[in-house]
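Visitor: Before we start, here is the structure in question, set down as structure tokens.
The values are calculated or read from the model by the stated rules, or taken from the named source; none is laboratory data. If you're wondering where the values come from, they're calculated on a predicted model, not measured in any experiment. Note that each Cβ is placed from the backbone with ideal geometry, even for glycine, and that neighbours are counted across all protein chains shown.
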Amino acid sequence: MTSPDQPHNERTMVRLEVANQVATITLDCVEKRNAFDPVLREQLADAVRHVRRDAGIRAVVITGAGGHFCAGGDITNIAALNIDAGQWRQRMEGLHEWLRELLTLDRPVIAAVDGAAAGAGFSLALAADFVLATPRAWFCMSFIKIGLVPDAGAFYTLPRVVGVQRAREIMLSGRDVRAAEAQQLGIVSEVVAPEALLPRAQAIARSFVGASPTAVGLIKRTLEHGAPSLAQALDAEASAQAVAAGTAAHRDAVNAFLNKQPLPFRWPARQE
């Protein structure tokens, strides 16, 4: 995706397409397996910010071109860096700025993963609410192989999916997690054929066009905040339900149910 301040001759490495209230973000730097080089990273940040600003977008699909999702950081670029610890921290804070916007997005995010999801690419997939994968997809917290620690939010997201003990093993070993195992661990929601990957992801996204945006946002926000005690969990639940119950989406859905009409939100998602 390009931004108004971006040079006209800069290559587009991230494509943002919006159709039927669904945004599809495609990483497209095939020769590097869609690795995070500075241009791709900034264009992805622009795409996330665009989605966040556009309330008409009801769900987001993130995928990669050329048979891979994202191979993580661009090692050539990393090797060329000559920065101190303070500058590294600033670099990470720049990443966290837009990543936080993705993780707290009040709309469903579906990752469609084919091939490699390594390093920060694995972390990017973990930022999604649904992760679809093909049988040839693989996930790897590869940071330790080059003497780094997991980033792009992985210390937060991975233990919440697989538990702390399994997250330790995956991060410390840097081993590959194939699609079938990733599904068993709860990282992957569905394993689908490569040709069905994007259509299935977009079908799931379209199903949320009919969902209450308030309810979706409240569910995501309440889960993200968590609760250290039962009392706090019940308090958050009561507050969220009080807001959701006052929306037109709730009233419309109840009326449709009472009048034996189709509900606006339908699951399972249907492919067209």
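Visitor: If only one of G73, G64 is touching a Phe, Trp or Tyr at 6+ places or on another chain (Cβ under 6 Å), over 30 Å from T214 (Cβ atoms) and in the same structural domain as E42 (by TED's automatic domain parsing), which one is it?
Guide: Among G73, G64, only G73 is touching a Phe, Trp or Tyr at 6+ places or on another chain (Cβ under 6 Å), over 30 Å from T214 (Cβ atoms) and in the same structural domain as E42 (by TED's automatic domain parsing).
Visitor: So N20 passes all but one of these: (1) modelled with pLDDT of 95 or more; (2) of a type outside the set (A, V, I, L, M); (3) surrounded by fewer than 20 Cβ atoms within 10 Å (Cβ to Cβ); (4) closer than 16 Å to A205 by Cβ. Which condition number does it fail?
Guide: Against the list (1) modelled with pLDDT of 95 or more; (2) of a type outside the set (A, V, I, L, M); (3) surrounded by fewer than 20 Cβ atoms within 10 Å (Cβ to Cβ); (4) closer than 16 Å to A205 by Cβ, N20 comes up short only on (1).
Visitor: Just give me the residues in the range 184-202 being part of a strand (DSSP E or B) and under 10 Å from V113 (Cα atoms), in sequence order. Steps first, please.
Guide: Of the range 184-202, the ones part of a strand (DSSP E or B) are 190-191.
The answer is V191, and nothing else.
Visitor: Hey, another quick one. Name the single residue that is surrounded by the fewest Cβ atoms within 10 Å (Cβ to Cβ) among those in the range 93-117 being of a type in the set (G, A, S) and under 30 Å from A269 (Cα atoms). If you could, list the steps in order and put the result at the bottom.
Guide: Going residue by residue through the range 93-117, those that are of a type in the set (G, A, S) are 94, 111-112, 115-117.
Still in the running and under 30 Å from A269 (Cα atoms): 111-112, 115-117.
Details: A111: 28, A112: 29, G115: 21, A116: 25, A117: 32.
This residue is G115.
Visitor: Which condition number in (1) surrounded by 16 or more Cβ atoms within 10 Å (Cβ to Cβ); (2) touching a strand residue (DSSP E or B) at 6+ places or on another chain (Cβ under 9 Å); (3) outside any loop (DSSP other than H, G, I, E, B) is the one that I57 fails?
Guide: (3)
Visitor: Could you tell me which numbered condition Q90 fails, if it satisfies all but one of (1) over 23 Å from R200 (Cβ atoms); (2) surrounded by 14 or more Cβ atoms within 10 Å (Cβ to Cβ); (3) not small (G, A, S)?
Guide: Here Q90 clears every test but (2).
Visitor: Just give me the residues in the range 24-54 being in contact (Cβ under 8 Å) with a residue 40 or more places away in the chain, closer than 21 Å to Q202 by Cα and outside any helix (DSSP H, G or I), in sequence order.
Guide: Scanning the range 24-54 gives T24, L27, N34.
Visitor: (1) free of Cβ contacts under 8 Å to residues at least 24 places away in the same chain; (2) in a helix (DSSP H, G or I): which one isn't true of A227, the others all being true?
Guide: (2)
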